[in-house]
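I have placed the structure first, in the form of structure tokens, so that the comments after it can refer back to it.
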Amino acid sequence: MKYLITGGAGFIGSAMIRHIINTSEDQVINIDSLSYASNLASLDEISKSSRYFFENENICNKSEIYNIFLNYKPDYVVHFAAESHVDNSINTPDVFMQTNIMGTYNLLINANRYYQNLDKQSKDNFRFLHVSTDEVYGDLSETDDFFEENTKYDPSSPYSASKAASDHLVRAWRRTYGLPTLITNCSNNYGPYQHNEKLIPTVIRNILCKKKIPIYGNGTNIRDWLYVQDHVEAILNVLHNSDIGETYNIGGNNQIRNIDLVNKICTILDNKIPNQDPGLSKYSDLIEYVEDRAGHDIKYAINADKIKKTLDWHPKESFETGIDKTIDWYINNKSSMGLK
């Protein structure tokens, strides 16, 4: 089988590609424009495989994307490509509208054009899976609620609004054109090769450099954390076993306040790499509270019961095991953070 993966040089997309190449005989076509958040080093271990193909292309390039469909004839499309950093979406929203909305639109146009010309058996096999985020649901604030698959969309940032729009486009192409689509909405991912701008790599890097660790507001914002390999396996489960048109929330059931997360990482590194600086008693002393992000949601929490019950998926990593593996990886791969 052939997987066409967009954004495959990104954090989650590259984890998906490594998994497919390392655990199957399937082929992977990676479309990535190599933006600032892309990292081809994350694909070094599989880049020489005869089953891996790379196309340095922007998903907004209509003619080139269609040529890729025709040349490779994929069985599945897994759409990761997106601008995803909330701060950047606040400061420069234009690129989020272009990539996340128009890029998804262009991909749908070309996927549907390709799909409509397939023979019956190929149509029956074809799937288009759109990877989205829990941020489309908005803010759970101070409640004890969880996001369900039917939770009303209420995005707070330009990033989450652009992802909500792309979700709506995918559903529209299913209803209007019959394109066999699926949608997954995930919680915060973490693990190896994540871009430095994200919270967990930032905390680890700053500790290793003995730099201040910035925490927005009072640090009480709550997020649900999902180990990236668990996310990859959940997506593949949905792709191969779900009914067409379904939506699944994917979460790790690891709701934790940002400040507690940072303190946990500090404590783990206190033990793994004891501080030798006499002016610093413990790594948590590096924590510095900074002005809060505009429109900062207080709480995200996913109810993943649907995928657990209907597809028998469960995360393999607890937050304790996942964060320990992640910290060890960064310690052993300091160059990924620009460190020696």
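Points to keep in mind about this one:
- Karplus-derived 3J(HN,Hα), 6.51/-1.76/1.60, for each residue of region 195-205, Hz, glycine and proline x: 5, 4, 6, 7, 4, 5, x, 4, 4, 4, 4
- Gyration tensor analysis over the Cα atoms of region 136-233 returns equivalent ellipsoid semi-axes of 31, 18, 13 Å (largest first, whole Å).
- Long-range tail of P(r) for the chain (Cα pairs > 31 Å, %): 31 percent
- Paramagnetic label zone (point 7 Å from Cα along Cα-to-C-beta, E288; backbone N under 15 Å) in region 299-340: none
- Note on the chain: helix-only mean residue ellipticity at 222 nm, from DSSP H runs of 4+ residues weighted -39500 (n - 2.57) and normalised by residue number, equals -12000 deg cm²/dmol.
- Inter-label distance for D44 and H296, nm, one decimal - labels placed 7 Å from Cα along Cα-to-Cβ: 3.5 nm
- log₁₀ of I(q)/I(0) at q = 0.20, 0.25, 0.28 Å⁻¹ - region 180-223, Debye sum with one point per alpha carbon: -0.78, -1.02, -1.12
- Expressed in Å, the radius of gyration and Dmax of the Cα atoms of region 182-258 are 15.4, 50.
- Ordering W329, P315, L269 by the projection of their Cα atoms onto the charge dipole of region 248-340, which places +1 on the Cβ of Lys and Arg and -1 on the Cβ of Asp and Glu, puts P315 at the extreme positive end.
- Kirkwood estimate for region 1-87, i.e. one over the average of 1/r between Cα atoms, Å: 12.9 Å
- Evaluated with a Cβ-only charge set (Lys, Arg +1; Asp, Glu -1), region 173-275 carries a dipole of roughly 540 debye about its Cα centre, given to the nearest 20.
- Dimensionless Rg over Rh [region 181-340; C-alpha; Kirkwood]: 1.02
- Cβ-defined net charge surrounding V290, 14 Å radius [Lys, Arg +1; Asp, Glu -1]: -1
- Computed over region 113-157, Cα set: Rg, Dmax in Å: 17.4, 51
- Normalised per residue, the volume of the convex hull around the Cα set of region 251-301 (Å³): 93 Å³
- The orientation-averaged shadow of the Cα convex hull for region 281-340, equal to a quarter of the hull surface, comes to 7.7 nm².
- Relative to the longest principal axis of the Cα atoms of the chain, the long axis of helix 11-23 makes an angle of roughly 60 degrees.
- Relative to the longest principal axis of the Cα atoms of the chain, the long axis of helix 319-332 makes an angle of roughly 80 degrees.
- Scanning residues 5 or more positions from V78 or on other chains, those with amide H under 5 Å from its amide H are L4, I5, T6, L129, with H placed 1.01 Å from N in the peptide plane.
- Net length available on complete extension from L70 to K325 is 87.8 nm, with 0.36 nm assigned per residue and the Cα-Cα distance removed.
- 5 Å-binned pair-distance histogram of region 113-192 (Cα, whole percent): 3, 13, 20, 20, 15, 11, 9, 6, 2, 1, 0
- Value of relative contact order over region 52-136, rounded to a whole percent, pairs C-alpha under 8 Å and six or more apart: 43 percent
- Between the residues Y227, N253, F69, the greatest Cα displacement towards the positive end of the dipole of the chain, with unit charges on the Cβ of Lys, Arg, Asp and Glu, is found for F69.
- Electrostatic tally near D277: other residues with Cβ closer than 15 Å to its Cβ, Lys and Arg +1, Asp and Glu -1, net +2.
- Cβ-defined net charge surrounding F96, 9 Å radius [Lys, Arg +1; Asp, Glu -1]: -1
All of the numbers you see were taken from the coordinates with simple rules; none came from a lab. These numbers come from a predicted model, not from an experiment. With ideal geometry, Cβ positions are generated from the backbone for all residues, glycine too; neighbour counts draw on all protein chains shown.
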